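Note sheet for the following structure.
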Amino acid sequence: MVARRFKSHFGIDPTTSIGLPESHRAVVEARTLFPSTVVEADNSPRVLVSGANQRKIGGSVRNGLRWSGMPIYCITLEERATCPRSCHHWRSCYGNGMPLSRRHAPGPALERKIERELATKQRQHPTGFVVRLHILGDFYSAEYAALWSLWMKRFPALRVFGYTAHPRDSVIGMEIERMNATNEGRSYIRFSSQKVDERPGWATTVWSKPETPTVGGAIVCPAQTDRTDCCGTCALCWSTPKTIAFIVHGQRFKQSVAA
């Protein structure tokens, strides 16, 4: 089993994902529900955090899987503040149910710190390490997306996977597409879609818990249905072109959503 700090699986219940009202300040102002958790990179102990701290991620990739043996790190930004308003989870973001996550503010300080930490990981893990982009948040500019392409070139041990709500034909989306194409086998950023179909390289959301491991040609995330332990024991997101369907999830506690 892959090392994780939190090992219990909470049952996924799509009905607990409560969308915020359109008039809520977090929605209108494009920010998290938990502004006190947003920190400047210079005030953060680290921006690349072991995946062992995330129940669904895991600390490393299990032997026998693609990227086998590589440690996994995660980076978390501020949801909505770094995301396109076109995201179909703008109001129902699962970050609404994550009051304890440390979110990093975007900007030059963050980018400098990421580069320093990637250089350290390159020295520590010359045969490979994985970064999950982004637990919360998204690529906040084309320049930031281009930096990840540069870092892929500068740090050959680096592998990345994650998801983006940017349209594939947007300026940022095309930069991400270019990174995936240029770094085939090392970069797997999936584009989000509201459709559940078999388009390669996409991710989508289902709003009820499927009875089967696939739905509409998409593979339902095995870590959400207890068919595998975590990302580190699965590897589908960086090893299959098929669409991955995630069961919507979010708030798991009673919380006022008043503006």
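The values are calculated or read from the model by the stated rules, or taken from the named source; none is laboratory data. Computed from a predicted model, the values in this text were never measured in an experiment. So basically every Cβ, Gly included, is an ideal-geometry build from the backbone, and we count neighbours across all protein chains shown.
Figures for the structure shown
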| item | result |
| --- | --- |
| Scan of the stretch 206-226 for residues that are within 20 Å of the chain's Cα centre (by Cα) and outside any strand (DSSP E or B), ordered by number | 207, 221, 222, 223, 224, 225, 226 |
| Scope the stretch 156-191; condition assigned to a loop (DSSP other than H, G, I, E, B) and either surrounded by 20 or more Cβ atoms within 10 Å (Cβ to Cβ) or touching a strand residue (DSSP E or B) at 6+ places or on another chain (Cβ under 9 Å) (or both); matching residues | 157, 165, 166, 167, 168, 183, 185, 186 |
| Options 90, 148, 67: the member that is in a helix (DSSP H, G or I) and among the aromatic types (Phe, Trp, Tyr) | 148 |
| Residue 132 vs. criteria surrounded by fewer than 19 Cβ atoms within 10 Å (Cβ to Cβ) and either at pLDDT below 95 or not in a loop (DSSP other than H, G, I, E, B) (or both) | no |
| Lone unmet requirement of (1) surrounded by fewer than 21 Cβ atoms within 10 Å (Cβ to Cβ); (2) closer than 15 Å to residue 229 by Cα for residue 57 | (1) |
| Filter result for the condition that a residue is at pLDDT below 90 and basic (Lys, Arg), over 209, 153 | 209 |
